[in-house]
Structure formats: C-alpha cells, structure tokens
Ligand SMILES: Cc1ncc(COP(=O)(O)O)c(C=O)c1O
C-alpha cells in the first residue's frame, strides 16, 4: 500500500491554500513566456528598479564579506535606522531593542501571530483584506473573524461593525492603511474610534503600514499610535522596504512594538529563519538612511498612473472604481457584469490578454484588483483592450 501522503498533512493546513495573487501573476507570466502579449496588472510590486545606490550597497556588502550570520534580530545599525524611520514618521520614541528585522513584512506578520495567538483566539480582519492575513492568523491556530468595510463608506473599517463582532475570544484586530487591495487610508478620526474600542476591549492592534509612503495628497498617512499615543503598549507596527524602495526581492521587513513581544519574536525567529540575509540588511540600511528622492518620484509617478487607470476603468460601462488614496491598486467593482470576478478575470486573461486579480482571495467576488504599478503605455493599452472586450460582449 502506498503511503497516504495527503492525509499526513497537519490539520491546521486544512484551510490554507497558496496565495491567489501569486498564482495569477504566475499564470500571466507563463503566457508571456509563451510569447503572448499579456498585459500584467497583477503585480504587487513597483515596476521601477531598486534605486542604484541601494543596489550598490548590496554589491559593496558582498565585497566587504558581509556574508555570514548576523544577530537574529538584525544588525544594530539597521535596527536603529528602522526605529529612527518609524519614530520620525509617527512621532514615537521606540528604542532599537523594540524592533526585529525579518525576511519581509509577511514574515514579520507571521512572527507576530505566532507569538500573540493560539487556538481559541479570534482576530478581526477587515474585508476586503490582503490575501495572507486570514492564513497567517490560521497558521497560528487562531480564527479570523471577517468584518466587512463597505464600498459606499470608502472601504474603511467602521466602529459599530467592529464592535458587533468582538467577543470574549477576540485577541487582536488587524489594520492595514493604506489597504491592499482597496487603497483606503484610515483617517485620524476613525483611528481614534478604533483605538477607543481597542482600549475598551483590551485588544491588540496589529498595524500593517507597509504602504505608509505611498499615500497621495491630499490624503496623508496616520498611524494609530499617532492618533492615540496611549495605545502604544497594545500596538505592533509592521512594515518594510519592499514597496517604498522597490525592494520586494530583497526580503526585508520589520516589526516594532512592546519589548516582550519583540523578544518573543526574536526567539521564534532564532529557531526558524535566523537572521534575514546579511546582504539585504546592508542594502535596506542604505535605503533607509540614503537620499529619499526616489520615494517622492515614485509616489508622483504612481499618482499619475492611478488617475489614468481609475478614470479609464470608470469609463467602461458597468465598471465602478473608487479612487484609492494610497498603495498602487485600483479595486474595481465588476458586479454589473452578472458573473463572479473569477469568471470575468479569467475571460479578460483569455480573450484580451489582460491579467488582473479577481477579488475572491481578498474576500469579495464582486471586485477585481488592478495594480497600477505598470507603465502608462501598459495602462493605456490595457484599457483599450478592455474597451474592445466590452464592445464585443
Ligand atoms: C498589506 C501587505 N502586507 C504585507 C505584504 C508583504 O510584503 P513583503 O514583501 O515585505 O513581505 C504585502 C505585499 O503585497 C502587502 O500588500
């Protein structure tokens, strides 16, 4: 008899599937590789290269033989740079010991939930949510509790809706501002209301602020620890260099928060990945401490692309797209087509060679996510192809 390898998988993996965004991006890439002129709007990463000075820092790191283990939580210079960066933007006074450098922000979140959650705990996740939040919660044995944020409320988490889902078992709430996939940016007033709830019910706030530098005026990024400084003891902030410095492949993120939680994360990390890549740490240090002009340039370029993309989508009959105040995604309502987002996205890829991510993985079958981290030409051509698709429908 053959070994029942499928049945041997651990129970906690029952609900875990691979990231749907990565799967669709892979399909689009495979079609492109086969010579099809696919236009790819699936990317969760800036299309611009990593800034030259940052790349050079990586090269210099190798040449200087920084190719050995580092302290588990990261090199001291980088931990100091991370807290300086976080403190400057949020008017906080975190100490370098209160941060851990991780293998990307996803890994920071993974560590956070490993140390804070266990079976029986519930974690509030605002929908539409970034695809990995529920899975990361489940991998810690806890249960995600989904709370809808409404389109006509700008996809922002709303106090009463959150309160309704809080139970004895609620341990934490995840905030993600700006949001992937909606681009919604939570204003100070709403953050204050959420902070009040967190205080009342003694909830931990896990604040994913990875897109904090990609907010388009007049919107501005506010962290919950700015809106409510006395929530600092029950908040953990995660972020990283992936989006801000176009460094997705370097895999550097961080968490900043209460000392006991960071210490526990360092312990967990010491038994899993150990330190993040030494070379990437040197590059991230250069990114955080070097010239920040590239960040402003990218923000400006993305704002123009956003306007083009959202305007174009809204011109297509039946599509409706709220203007995202941050990140680089247009979250487009396709419900009027009378079929699921998965079906529509598959048809667009098949018929128009336009790849965008259906909303099912983000908690909604009525929306499709377009990344506007693509060239203006790609955006214009994509909109043209969709317009042709609609005219043939
Ligand atoms: C909201 C959110 N958090 C975390 C991540 C993970 O980023 P990293 O590349 O730093 O792991 C992403 C990436 O798409 C994201 O959108």
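On the principal axes of its alpha-carbon atoms, region 39-89 has extents of 42, 32, 21 Å, going from largest to smallest. Across all Cα atoms of region 141-257, the radius of gyration (one decimal) and Dmax (whole number) stand at 14.3, 41 Å. Taking the Cα atoms of region 187-241, the ratio Rg/Rh between the radius of gyration and the Kirkwood radius comes to 0.98.
A straight chain from residue 192 to residue 15 at 0.36 nm per residue would run longer than the Cα-Cα distance by 60.3 nm.
Along its first, second and third principal axes, ordered by size, region 200-287 spans 42, 37, 16 Å in Cα coordinates.
Sorted largest first, the spans of the alpha carbon positions of the chain along the three principal axes are 65, 60, 54 Å. For region 219-272, what relative contact order do you get, as a whole percent, if you take Cα pairs closer than 8 Å and at least 6 residues apart? Computed value for region 219-272: 27 percent relative contact order. Ordered by the number of other Cβ atoms lying within 10 Å of each residue's own Cβ, fewest first, 192, 70, 50 fall into the sequence 192, 70, 50. Quick one, what does Rg over Rh come out to for region 115-154 if you take C-alpha atoms and the Kirkwood Rh? My calculation of the ratio gives 1.06. Over the chain, what relative contact order in percent results from Cα pairs under 8 Å that are six or more residues apart? It comes to 23 percent, rounded to a whole number. Ordered by the count of other Cβ atoms within 10 Å of each Cβ, fewest first, 41, 302 give 302, 41. The C-alpha radius of gyration of region 302-350, expressed as a fraction of 2.2 N^0.38 Å, stands at 1.19. Computed from label points 7 Å out along Cα-Cβ, the spacing between residue 153 and residue 346 is 3.3 nm. Centroid-to-centroid, using Cα positions, region 148-200 and region 218-266 are 17 Å apart. For region 76-93 versus region 276-344, the inter-centroid distance based on Cα atoms is 26 Å.
By the count of other C-beta atoms within 10 Å, a proxy for reagent exposure, 305, 202 are ordered fewest to most as 202, 305. Quick one: pull the percentage of alpha-carbon pairs in region 77-226 with a separation above 21 Å. Everything past 21 Å amounts to 45 percent. Of all DSSP bridge pairs formed entirely within region 52-289, close to 30 percent run antiparallel.
Mean sequence separation of contacting Cα pairs (under 8 Å, at least six apart), scaled by the length of region 177-313, corresponds to a relative contact order of 20 percent. By the equivalent-ellipsoid construction on the alpha carbon gyration tensor, region 1-142 comes out with semi-axes of 31, 27, 19 Å, ordered largest to smallest.
A compact globular protein would have a Cα radius of gyration near 2.2 N^0.38 Å; the ratio found for region 258-393 is 1.40.
Read-outs: derived from the displayed coordinates by stated rules, not from any lab. Since the model is a prediction, treat every value here as computed from it, not as a measurement. Glycine gets a Cβ as well: all are built from the backbone with ideal geometry, and neighbour counts include every protein chain shown.
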